[in-house]
Amino acid sequence: MKGIALGTIVIDEDYTIVDFNEPVQKLIPAMAKNAKCYQALLGKDKPCSFCPVLRKEDCVVDVEQNNMESVVTIPLAGHKKQYVLTFLINAGRHEPSLNCLKFNLHASCITEPDKSEAAADYDLDQATGVYNMQAFIGRAQKLLDDNPHDSFNLIISDIKNFQLITATYGEAKAQALLRDVAQLTKECYTDGVVARYGVDQIVSLYKTPSLDTKIQISNRFNEYLQQTEIPNVIIKFGIYEDVDRGISVTHMCSKALLALNTIINDFRRIFAKYDDSTSQKQLKAQTYEAQFNDALANEEFVIWYQPKFNPYTEKIVGAEALVRWQTAKGIISPGEFLPVFESDGLIARLDSYVFQHVCAQQRKWLDDGQGLIPISVNVSRCSLFVHDIVERYKAIIDEYDLDPKYVPIEITESVALENLKIKPIADAFANQGFQLHMDDFGSGRSSLNGLNVLHFEAVKLDKSLIDFIGYKNGELVLSYTMALGKELGVQLVAEGVETASQLLFLKHNGCDIIQGFYYSKPLPVAEFEALLQAHGTANLKEELNQMLTNCAASSEPDTLYSHMPGGFFSYEAFGDEKILASNSYLWEMFGFDNEEDFMEHVHGSFKGIVSPEELDQVEESIAQQIKDHYREMDFVKYHIVRKDGTKVPVVDYGHLAHQDGKDIFYVFLYEEENQKQQ
């Protein structure tokens, strides 16, 4: 304290003077330790309204810097002259429950105001030519005090990806951009105070403008951004409208900054206004972040499973793993905590946690003698760019001795838009045997190029597309989208299916898998297991292969054919497509009670099974599907012509096998209207 030239006092959070130096003693002879600072400094009986200790919430803005600084010019007790008090708060730990910082030290530096030109320069930020924050706080408060009846707004602008701009175009051009934005802000808000706030942010307090003025200001910024030398510059704005004069300027800034942070990674929004819910969301986000490590260690994150159904057999063919946060007070919805963890990077650890727990559950089912179905897991953009993500997930698969095909990876459409960036990662997953599914297809700017470049086995149609059903134009869009998926050879999964009319439309257009409340909501593991037992599971390729194995090993294949579910037959894949064997269920579908009459009716060929006008289209569809080695089996719909000439719609599941030097199709055939009962 003795070596400090400025008058300096140390005050604790109870406003008690802890220490002071000689310059203070000369200014205020009555200064004494253990006295209350507001009595010694100003001769008042209560804390000053501008005191940062009184406004502990102001410090939230500067948690990272661990300090806060504010400046005010006032007369000291016993003096006519004005003196500058600089409050410097060195903060201790953050107290989330109080939304404030616990102060360890409160120091006031007292100097006389300097009227020189050098002092005016000291108030300016040299890089931008506008005020620095120390000067802004005092001048903004004075602007408010001088205009007690006017309404004011406070706005903070942020140049998105400023560090990337600096690295790409150089510091000189980046700083020139920042200076331009600062000066443009100053020109737009001539009745306000403008300052540099942080590295790449500009703050302004100004009188609330009219709507026309707001539009003019917005147009001026847009014009500048179109003309700037650096392309694709994005500026985002956080606005605190009609500021509360009962809080400090620093606190006003914190509110605008909170609003700005809600859209900083949202490419759809440029402006965000502060309201009371913004503060509550920020406080809740801080709480979630603080609790994350303990929640992970205590396994409070639990996995629920939403079944995926084959709409033609009504059997469960897979599920999606969805995370829930189970706390002592109840379940927290993923819509609340996932956005928080996505924005702060914690989502990568949560993704890995979910993946491992799904693998452990699959291993348990396998050890219990249950057949496995694929359980897909979501992988966020943040996780994909963890440098060893593929190796980590493959190591987990190996730990539980699983086939990667039973844990498909779901990647959202928005991430797939960055297909050139994630292609090496997607290829690495594919090379390790993982299947990739594109999630939320159709929710935004659908990337057809992503489907072309990346190896997706399945595309999940977003609920926003499913909700089109019932509207003519919407159904047209959905029909063409599904037809495109079929042409590309990917499996079509519809999510968010809730009604029978949606289900019928999707079945009619050849949707492979249905997920949604129509069949089942997401379920805890015990309820999911009960549903599996009630509905049964279907891995069609494995079931068919098992049947074919039994057929080949049977000494009485004709007898085995007769026990196949539904119509079943085999035929030579090429040439005349000669039918090799069939069962009685198939004959009955055509109105016959014996194989001889049935074979005569269809001329002993698959070509006679299909209604003539549909044959070319059906065979072309089957051939196209065979080319795609990712498909487990081909699927087509057509009509058969019964003995009495009536046409019956059917669904056809076929599998191409190579046996005894021949290419043979094994086909299950079901009447379409009977699928609900099947």
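With all protein chains in place and ligands, DNA and RNA left out, the 1.4 Å accessible area ranks Asp242, Asp45 as Asp45, Asp242, largest first.
One equal scatterer on each Cα of the stretch 124-167, no solvent, Debye formula: the resulting log10 I(q)/I(0) at q = 0.25, 0.34 Å⁻¹ is -1.00, -1.11.
Its residue count N sets the reference 2.2 N^0.38 Å, and the alpha-carbon radius of gyration of the stretch 147-279 equals 1.04 times that reference.
A simple packing score, the average count of other Cβ atoms within 10 Å per residue, orders the peptides 608-615, 188-195 as 188-195, 608-615, with the highest score first. Can you send over the solvent-accessible area of Thr412, 1.4 Å probe, protein chains only, in Å² to the nearest 10? Solvent-accessible area, nearest 10 Å²: 40 Å². Ranking Ile425, Pro408, Leu384 by Cα position along the charge dipole of the stretch 332-435, where only Lys, Arg, Asp and Glu carry charges on their C-beta atoms, puts Ile425 farthest toward the positive end.
Computed 3J(HN,Hα) for the stretch 214-227, one whole-Hz value per residue from the Karplus formula 6.51 cos²θ - 1.76 cosθ + 1.60 where θ = phi - 60°, is 4, 5, 4, 5, 4, 5, 5, 5, 5, 4, 5, 5, 6, 9, glycine and proline marked x.
Orientation-averaged projection of the stretch 238-331 equals 10.4 nm² [convex hull of Cα atoms, one quarter of hull surface area].
In the calculated pair-distance distribution of the stretch 201-264, the portion above 21 angstrom amounts to 36 percent of the Cα-Cα pairs. Shown for the stretch 264-357: the carbon plus sulfur share of the solvent-accessible area, taken with all protein chains present and a 1.4 angstrom probe, equals 49%. Scoring 648-654, 287-293 by mean Cβ neighbours within 10 Å over their residues and listing the highest first yields 648-654, 287-293. Counting only protein heavy atoms and a 1.4 Å probe, the stretch 213-348 has 49 square angstrom of accessible area per residue. Amide H contacts under 5 Å for Phe152: Thr208, Asp242, Val243, restricted to partners 5 or more places along the chain or on a different chain, H placed in the peptide plane at 1.01 Å from N. Mean silhouette area of the stretch 272-377, derived from the convex hull of its C-alpha atoms and averaged over all directions, reads 9.4 nm².
Sorting His251, His639 by accessible area puts them as His639, His251; the probe is 1.4 Å, largest comes first, and only protein heavy atoms count.
Shown here: the stretch 159-223, whose C-alpha atoms stretch 39, 22, 15 Å along the first, second and third principal axes, sorted largest to smallest.
When nucleic acids and ligands are ignored and a 1.4 Å probe is applied, Lys364 ends up with an accessible area of around 100 Å². Measure up Lys460/Lys507; Lys460/Lys521; Lys423/Lys486; Lys236/Lys284; Lys507/Lys578 against 20 Å on the Cα-Cα distance and list the ones that go over. Result: Lys423/Lys486; Lys236/Lys284; Lys507/Lys578 exceed 20 Å.
The values are calculated or read from the model by the stated rules, or taken from the named source; none is laboratory data. Note that the structure is a prediction, hence the values are computed from the model and not measured. Note that each Cβ is placed from the backbone with ideal geometry, even for glycine, and that neighbours are counted across all protein chains shown. Side chains are part of the model used for accessible areas, which takes the heavy atoms of the whole protein and leaves out ligands, DNA and RNA. Shrake-Rupley method; radii C 1.70, N 1.55, O 1.52, S 1.80 Å.
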